[in-house]
Amino acid sequence: MLAVDEAPNPWIDPSYVTDNWDTILRYLGEHVRLTVGAVVLGALIALPLALLARRSRYLSGPVLAASTIVYTIPSLAMFAFIFPFQGLSATTVLIGLVAYSLVILVRNFLAGLLGVPADVREAARGMGYGPVRLFWQIELPLALPAFMAGLRIATVSTVALTTVGVLVGHGGLGQLIYGGFNANFYRAEIVTGAVGCVLLALVADVLLAGVERLVTPWARAVRA
Amino acid sequence: MSAFGEAMVYLNDPYNWTRRGGILELLAEHLAISVVAVLAALLIAFPIGVALGASGRGGGTVVVVSNVSRAVPTLALLTLFAVSPIGFGNRATTIALAVFAIPPILVNTYVGVRGVDADVREAARAMGMTRGQVIRRVDLPLALPLIMTGLRTATVQVVATASLAALVGGGGLGRLVRLGFGQQDYGLIIAGALLIAVLAVLTELVLVLLSWAVTPGPRRLPWQPVRRRPDEAVPEPAPSGMPL
């Protein structure tokens, strides 16, 4: 029996959280910054790609095939591939996360855009809508539920994936999980990191669900 | 020399493959962990999914399980099992991976069996099939495409996540990447990453072919052109599961 086995090592220790509040907040901040950055950048790149892919099946085929392949690459390998270019920095993690959120968002954006009934677009064009106004006033509102569903999936997945950033030392709350493992299996630290990740994902999902309700008031009116 | 060039040199040295603790040994370990984890998950999730789907109960629970599992980081679960009394190593890794493989199999089996046309089931009953026969000869063949999707998602996820186990003392190909970071050897990092990525893509490919082989009725490989009217050309919204 080693001495380390006899030392108390509880799974849940509130004093760990209170004693290390500053550290936890710092990692939480990094986690939130990486997640928000990845989803926002991913959305900004995914929207033009989806608009382009919608134009023809010859474009949508390669876009969807490429997204499937990127999706299949494990995160550990993805971060390792980017590492030689960006080193041990948060940028390495951000680029990898953008790649993953991008492929989720392209698929959902494309599904949303293709879900707009052709009759509606034709009617709008017949009423004199130009391409820009058609997108903003007709297609975007109709595709919004699919867009928001994509954003929610991308956000929750990104929160979970950010932890793998420990590979290059920028994993947000993942640093607590990995740090606890390396600090002689310090369970309280590991559980704090893990629970923090799950809570962050749930909070983000609830927030986005609220945004979805706000931006699609007509959906509520129908249900009521 | 660039990291990618060094990686090619490393991968071209046969000794790196065949020596003790070399690529082949790590690959075998990786595959063994993955296969056991997927089979264990299949053994647990498949009967539950079929039972719930056939009875039509528990749909809410299945959806909640699948959504919550998406929010739990794989690294967290791997670490939690590694520091539990099971002890770190391949056993803890296998259990953690099996836990992760359960939701995709469970959800897809449930949805597949649940989606079988009630009329078809009723017709089968009217023809004198017993409850077990209806499940074996009507429900399962009709639900097979979705069940195979679940199995594919779970397997690719497990093979991909198994590489993370190296961060918390597990085995498999992730060790190369971990070792590369430890030794500041960029070539080794890239070589490990390449092997992991190729293995994941190959797994996906093998499972796609397997689903094609076992699916009854009209079938199509993903890269074959879709024969359908243009106004129906809506792709599936997102690949099932989550990136790893």
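Taken together, the values in this text are just the output of simple stated rules run on the coordinates, not laboratory data. A quick note: this is a predicted structure, and the numbers were derived from the prediction, not measured. Neighbour counts are summed over all protein chains in view; Cβ atoms, including those assigned to glycine, are modelled from backbone coordinates with ideal geometry.
Can you give the charge dipole size of segment B:3-216 about its Cα centre, rounded to the nearest 20 debye, using +1 on the beta carbon of Lys and Arg and -1 on the beta carbon of Asp and Glu?
That gives segment B:3-216 a dipole magnitude of about 600 debye.
Ignoring everything except DSSP H segments at least 4 long, calculate the 222 nm mean residue ellipticity for chain B; use -39,500 (n - 2.57) per segment, divide by total residues, nearest 500.
-23000 deg cm²/dmol
I'd like the mean, over residues of A:174-185, of how many other protein chain beta carbons sit within 10 Å of each residue's own Cβ.
Counting Cβ atoms of other protein chains within 10 Å of each residue's Cβ and averaging gives 4.
Choose one of B:129, B:206, B:67: the residue whose Cα lies farthest towards the positive end of the charge dipole of the protein assembly as shown (beta-carbon charges +1 Lys, Arg; -1 Asp, Glu; about the Cα centre).
Ranked along the dipole, the leading option is B:129.
Would you pull out the residues with amide H under 5 Å of residue A:171's amide H, same chain only if 5 or more places away, H placed 1.01 Å from N?
A:166
Please state the charge dipole magnitude for chain A, taken about the Cα centre, from unit charges on C-beta atoms (+1 on K and R, -1 on D and E), reported in debye and rounded to the nearest 20. Don't skip to the end; give the middle numbers.
On the way: 14 positive and 12 negative charges, 259 e Å.
Dipole magnitude for chain A comes out near 1240 debye.
Rounded to the nearest 0.05, what FRET efficiency is calculated for residue A:85 and residue B:214 with R0 set to 51 Å and r the Cβ-Cβ distance?
In this case the efficiency is close to 0.75.
Kindly state, to the nearest 0.05, the FRET efficiency for residue A:119 paired with residue B:206, given R0 = 41 Å and r defined as their beta-carbon distance.
The computed FRET efficiency comes out at 0.45.
Normalise the Cα radius of gyration of segment B:127-224 by 2.2 N^0.38 Å (N = residues in it) and let me know the number.
Values: Rg = 19.6 Å, N = 98, 2.2 N^0.38 = 12.6 Å.
So the Cα radius of gyration is 1.56 times the expected 2.2 N^0.38 Å.
So what are the three principal axis dimensions of the protein assembly as shown from its Cα atoms, in whole Å, longest to shortest?
73, 61, 52
When each pair of different Cα atoms in chain A is counted once in the 1/r mean, what is the Kirkwood radius in angstroms, to one decimal?
19.7 Å
In whole Hz, what ³J(HN,Hα) sequence does segment B:138-150 give by Karplus (6.51, -1.76, 1.60; θ = phi - 60°), x for Gly and Pro?
My calculation for segment B:138-150 gives 10, 4, 5, x, 6, 8, 4, x, 5, 4, 5, 4, x Hz in order.
Given the rule -39500 (n - 2.57) for each run of at least 4 DSSP H residues, summed and divided by the residues of chain A, what is its mean residue ellipticity at 222 nm, to the nearest 500 deg cm²/dmol?
Calculated from helices alone, the mean residue ellipticity at 222 nm is -26000 deg cm²/dmol.
Please state, to two decimals, what the Cα-based radius of gyration of segment B:68-126 comes to when divided by 2.2 N^0.38 Å (N = residues). Before the final figure, lay out each step's value.
Details: Rg = 18.0 Å, N = 59, 2.2 N^0.38 = 10.4 Å.
The value comes to 1.74.
How large is the dipole of the protein assembly as shown about the Cα centre if only Lys and Arg carry +1 and Asp and Glu carry -1, each at its Cβ, rounded to the nearest 20 debye?
My answer is approximately 1500 debye.
Hey, any idea what Rg/Rh is for segment B:3-216, computing Rh the Kirkwood way over Cα pairs?
Dividing the radius of gyration by the Kirkwood radius yields 1.08.
Based on the mean of other Cβ atoms within 10 Å per residue, sort peptides A:191-203, A:47-59 so the most packed one is first.
Working: A:191-203: 20.8, A:47-59: 15.1.
Answer by packing, highest mean first, reads A:191-203, A:47-59.
What residue among A:154, A:142, A:96 has its Cα farthest toward the positive end of the dipole of chain A, where the charges are +1 on Lys, Arg and -1 on Asp, Glu, each on the Cβ?
A:142
Along the charge dipole of the protein assembly as shown, which of A:44, B:27, A:111 sits closest to the positive end, that is, farthest toward it, with unit charges on the beta carbon of Lys, Arg, Asp and Glu (+1, +1, -1, -1)?
A:111
Using alpha-carbon positions, what is the distance between the centroids of segment A:118-167 and segment B:31-52, in Å?
With segment A:118-167 and segment B:31-52 each reduced to a Cα centre, they are spaced 36 Å.
Multiply the residue separation of residue A:133 and residue A:25 by 0.36 nm, subtract the distance between their alpha-carbon atoms, and state the gained length in nm to one decimal.
Here the segment from residue A:133 to residue A:25 would lengthen by 34.5 nm.
Report, to one decimal in Å, the Kirkwood hydrodynamic radius for segment B:1-91 based on all distinct Cα pairs.
Kirkwood hydrodynamic radius for segment B:1-91: 17.2 Å.
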